[in-house]
Amino acid sequence: MKIENKNYIFFLGGHDAEMREIKNILTQHNFTFYDKELLWDSAKASGYKNEIENLKGNEIPVLIELTVDIELPSNTIIIDHHNEKENNKSSIEQIAELLGIELNRWQKLIAANDKGYIPAMECMCATKDEIRRVREADRKAQGVTEKDEKLADESIEKNKTIENGITVIKSKTDKFSAVTDRMYGETNRLLIYTNKELSFYGNGKKRLTEKYKNYIKEGKAYYGGSDYGFFGFGKGWFSDKEIEGFKHEIVKMDFKDDIPISHHIFLFPFKWDLKCENKSIVETSFKNRTNLEEIFNIINDKNNFDEGISWVDFDFKINRPRDYNEYTYFYEYVTAVLFDSDKDNAKTDWNTKVVLQYNLNLEKNESKYLINILEREPSGKPKIPAITYELIIEDIIINFYQTGVGILSFHLSNYEHNKPEEILDINDFGRRIYPQFLSESDPKNPLKNVKETFLANCITLQLKPPKYNSSIESDDCFSKYCCEFENKEPKEISKLPEFITKLLGNKFKDTEYGLKKGEVKLAPVIDDRMFTICWYGNDNCSNLLKEKQWVKELNRFEYNYERNELWNRFIFIDNRSNGLANNNFLRDLNIEHTYNRWVDLGNFFGISRYSFILLTNRDFFPKYILLQHLQTMYFQLVMLALLQRASLIRFSDEATKVRYLESTKDEIGLEDQLEYVKQLHGKYLHFVNKIFFREPTAQEQGIELYDMLLEKMRIEREVKDLDRELNELHNYISLTVQERENKEIRILSKLATFFLPATLIAGILGMNTLPEPSEIPTWLFNGAIHWPFLMSLILMFLFTLITFGIFYLIRKKKNP
C-alpha cells in the first residue's frame with residue numbers, strides 16, 4: 001500500500017482508544033510521531049511547542065485533537081472532529097485518508113465509537129461483544145481503573161436522581177465514561193458532574209451549545225457527537241459553586257424538541273362488504289355491497305360507537321403553506337381521489353363519488369399509541385418489566401373508497417426512543433395486527449415464540465377526546481383500547497384487533513356469519529402487517545451510510561449503504577435479523593430498493609412492498625422540510641399506490657366469487673352471472689379511469705418515487721393480469737350463455753325439420769279435406785270415416801317417421 005508523503009510529523013492529543021489505534025497505525029507504517037500521553041483537558045499544541053519549533057523546513061506537522069494555543073507553521077495540518085469541527089470525519093478516518101490506507105473492521109468500530117459512541121457502532125451492526133470490547137478498550141485508554149469502575153457503580157446506586165426528565169448523577173470518579181457506559185439505554189438525557197466539571201449526554205446537546213457558546217469560544221467548554229452527542233465544561237475553569245449553578249440551569253431548561261426523533265405512519269388497508277337484504281354477500285351485487293352512502297350513514301350515527309369515539313369529516317382546507325404545497329403537488333384530477341372535497345351530501349352523486357374521508361375526533365398530541373413487547377434475558381427468562389414504546393398520536397384518518405376497500409392510518413411521533421434498534425422495534429411490533437403463525441413446539445403457549453420475535457404483547461390506544469381538559473391527568477378522561485394478543489384456540493384468533501374494531505364501531509364485523517342487514521364485514525386486504533411509513537433522523541447512521549470509496553472492480557464509488565445490514569433491516573423492517581446469508585444478495589437488495597437521488601446529502605429513501613422509509617441526518621432541511629414532505633406529499637403517494645394494490649386484490653377476490661357463482665349456475669342462472677360480471681367490469685373500468693394513475697404529479701422526484709412504489713407493489717403487472725382475467729371471465733360466461741341459446745335454437749330447428757314433411761303434405765293437399773262444419777258432429781260421434789282427411793294424416797305421419805329415421809341413421813353413422 002502506497003503512502004503518499006513521508007514528511008508528515010504527527011503530534012498526538014488526549015489518549016483514548018482512537019488515539020491508541022492511531023499510534024498503532026503510525027508505528028506500523030514507520031511514521032515519526034510525538035506522544036506525551038496527554039489527558040483530554042491538557043491536550044494543547046503548546047505541549048509540543050519545542051518539538052514543533054525544531055521541525056525542518058520540508059517537514060509537515062500534523063496535530064491530532066490538540067487545542068491550538070500557539071502560533072503554528074503555515075503548512076500545519078489540523079486533525080480533529082470536536083467543537084466547530086464536529087461534522088468532520090473521526091480523527092482516525094482523517095489519518096487513513098491522509099495516508100491513503102484502508103481501515104479494518106476493528107479500526108472502523110473505533111472510529112464510529114469516537115464519533116458517535118455506541119449508537120454509531122449500532123449503525124454498523126456491531127455485535128454486543130464488539131461494542132463491549134471497544135468500550136473496554138476506550139475506558140482503559142482513558143485510564144479508567146477497577147477502582148473507577150466500582151466508584152461508577154456506587155455513584156449510580158447512591159447519587160442518581162431524576163430532575164425534569166434528566167437523569168442526574170454526582171459522580172465519585174472523574175472518569176465519566178465508566179458511568180455513561182453503565183447508563184447507556186437507560187435515559188435520553190444524562191448529566192454527570194463533580195465539583196470540578198460537568199458533562200451532558202443525549203437529546204438537548206445542541207441547545208446547550210447555543211446557550212453556552214461564549215464559553216466554547218473561550219475554550220472553557222466543549223462538545224461533539226451528533227444531535228444526541230455530548231457537551232461539557234472543562235475541568236479547572238469553574239468553581240464548585242459555578243458547576244452547581246450550571247447544573248441547576250440545565251435541569252430547568254426545556255429540552256422538548258418540536259421535531260420528533262422519528263415519525264411513524266401505520267396504514268391498515270382493508271376490504272369492506274355491506275350486508276344487503278337476507279342474501280349472502282356472494283349473491284348480492286357488488287354495486288350494492290360497496291355503497292358509500294350506507295357507509296356515510298353508519299359513520300355519522302353516533303349510536304354505533306362507544307362513548308368518546310366519534311369521527312368527523314376530513315375537511316381539507318388550504319390554510320397553511322404546507323396545505324398549499326400538498327394540494328398543488330398533484331395533478332387536479334388526482335386530488336379528487338386524495339381529498340374528499342364533495343361535502344354537500346344532499347347533492348352527492350353516490351354512483352360517481354370516489355372516497356369518504358374522516359378524522360378521529362381526539363385531543364391531538366395528548367393521545368398515545370403504546371406498544372408493549374416482551375424481551376428475553378440470555379437465560380431465556382422474560383425481562384421484567386416488559387418494554388413499552390410510547391408514541392404520540394397526531395392523527396387517525398380513515399378513507400372508504402367505492403372499490404370496496406379502505407385505509408385506516410395512524411400518524412404517530414416518537415420523542416423518547418432514539419436507538420436504531422428501538423426504531424426497528426416500533427416499526428415491526430407496532431404494525432402487527434394478528435399472529436403471522438403459531439408455534440407448535442409449545443401447544444399450551446403457541447404465541448410464546450411469536451411474541452419473542454415480532455408480535456407485540458399488547459398494543460394500546462390511549463385516546464383523549466377533545467371535550468376533556470388537557471390539564472387533567474386522570475386515566476378517567478382516556479378511552480383505552482388494548483389488543484392483548486393472548487393464547488387462544490387457533491380458530492378463535494381474530495384478524496382484527498380490538499384497537500381497530502373499537503374505532504370502527506359495532507356495525508363492522510370480522511366475519512360474514514351472523515351478519516345482519518346494514519352491517520359491514522371487514523377484513524385485512526394484505527396480511528398481518530400494516531404498511532409502514534417512517535422518518536428517522538440519526539446523524540450517525542446517515543453519515544455512515546453516505547460514506548463511499550472507489551472500487552476499481554466496479555469502476556465507480558461504492559456507498560456504505562449498499563452493503564449495510566442495518567439499512568437492509570430498516571427497508572424490510574426486520575427487528576432482529578434480515579435472514580440473509582449472502583452478502584451479494586444483500587447488496588443487490590439494498591441497491592434495488594434504495595432511491596439514491598440524495599444519498600450524498602445523507603438522505604436515504606427505502607421502498608418495499610410494505611414500507612416507505614426515510615432515514616436522514618438531523619440538519620435543518622431534513623428535520624423541517626423532508627419530514628413535512630413525508631407527512632404530506634410522500635404519504636399521499638403511498639396512499640395512491642396502496643389504494644391501487646388493495647383495489648386490485650379486491651377485484652381479484654370478486655373474480656374468484658364469480659367462479660363460485662359459475663359452479664352454482666343451476667341455482668343462480670347464467671344471466672345473473674353475466675350481470676354480476678358486467679357490474680364488476682364496470683367498477684373495474686371506473687377504477688382504471690379514476691384511480692389508477694400512471695403519473696400523479698409533474699414533480700420529477702415525485703414521479704420517480706411513485707414509479708418505484710408501483711414497481712415494488714407490482715401494480716402495472718397486476719392491472720394487466722386482472723384486465724385479462726376479467727375479459728376472459730366475461731367472454732367465458734358470454735360464450736356459455738350463447739351456447740345455451742344456440743342449443744335451444746338447434747332443438748327448435750330439429751322440431752321444425754321433423755314436421756316439415758307433414759307441413760309439405762298439408763300444403764299440397766290443402767286443409768279442405770276436412771268435412772263440412774255441419775257434418776263434424778256426425779263424423780266425431782257416429783264413427784263415420786272421412787277418408788280424405790284420414791289419408792292426409794296417415795301420409796303426414798309416415799313422412800315424419802321416415803324423416804326421423806333418416807336423421808337417426810345419419811347420426812348413428814357419424815357416431816357409431
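The values are calculated or read from the model by the stated rules, or taken from the named source; none is laboratory data. The structure presented is a predicted model; accordingly, all values stated were derived computationally and were not measured. Quick reminder, even Gly has a Cβ in these numbers, built from the backbone with ideal geometry, and neighbours come from all protein chains shown. Quick note on the areas: whole protein, heavy atoms, side chains included, nothing else; ligands and nucleic acids left out. Shrake-Rupley method; radii C 1.70, N 1.55, O 1.52, S 1.80 Å.
Computed quantities for the displayed model
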quantity: Computed lengthening from Glu51 to Ala581, 0.36 nm per intervening residue step minus Cα-Cα distance; calculated: 185.6 nm
quantity: Accessible area of Met708 in the full protein assembly, 1.4 Å probe (Å², nearest 10); calculated: 20 Å²
quantity: Kirkwood-based Rg to Rh ratio, the stretch 21-80, C-alpha trace; calculated: 0.94
quantity: Rounded accessible area of Arg717 (nearest 10 Å², 1.4 Å probe); calculated: 130 Å²
quantity: Probe 1.4 Å, all protein chains present, accessible-area order of Lys241, Lys678, largest first; calculated: Lys241, Lys678
quantity: For the stretch 503-517, 3J(HN,Hα) per residue [Karplus equation, 6.51 cos²θ - 1.76 cosθ + 1.60, θ = phi - 60°, Hz, x = Gly/Pro]; calculated: 5, 8, x, 7, 8, 9, 10, 9, 9, 7, 5, x, 6, 9, 4
quantity: Exposure of Thr76 as accessible area (Å², to 10), given a probe of 1.4 Å and all protein chains; calculated: 30 Å²
quantity: Cross-link pairs beyond the 28 Å C-alpha cut-off, checked among Lys49/Lys206; Lys517/Lys657; Lys56/Lys175; Lys6/Lys548; Lys140/Lys160; Lys220/Lys419; calculated: Lys49/Lys206; Lys56/Lys175; Lys220/Lys419
quantity: Ranked packing of 197-204, 494-501, 594-601, most packed first, by mean Cβ within 10 Å; calculated: 197-204, 494-501, 594-601
quantity: Heavy-atom accessible area ranking, 1.4 Å probe, most first, across Leu566, Leu72; calculated: Leu72, Leu566
quantity: Modelled FRET efficiency - R0 60 Å, Asp653 with Lys158, Cβ distances, 0.05 increments; calculated: 0.40
quantity: Unsatisfied cross-links (Cα-Cα over 30 Å) in the set Lys464/Lys546; Lys275/Lys317; Lys128/Lys196; Lys205/Lys235; calculated: Lys464/Lys546; Lys275/Lys317; Lys128/Lys196
quantity: Exposure rank, largest accessible area first [Asp148, Asp653; 1.4 Å]; calculated: Asp653, Asp148
quantity: Loop GluC sites (Glu not before Pro), the stretch 550-593 (other Cβ atoms within 10 Å of the site Cβ: 11 or fewer; DSSP); calculated: Glu553
quantity: Residue-wise HN-Hα coupling along the stretch 300-306, computed from phi with Karplus coefficients 6.51, -1.76, 1.60 (Hz; x: Gly, Pro); calculated: 8, 9, 5, 5, 7, 10, 5
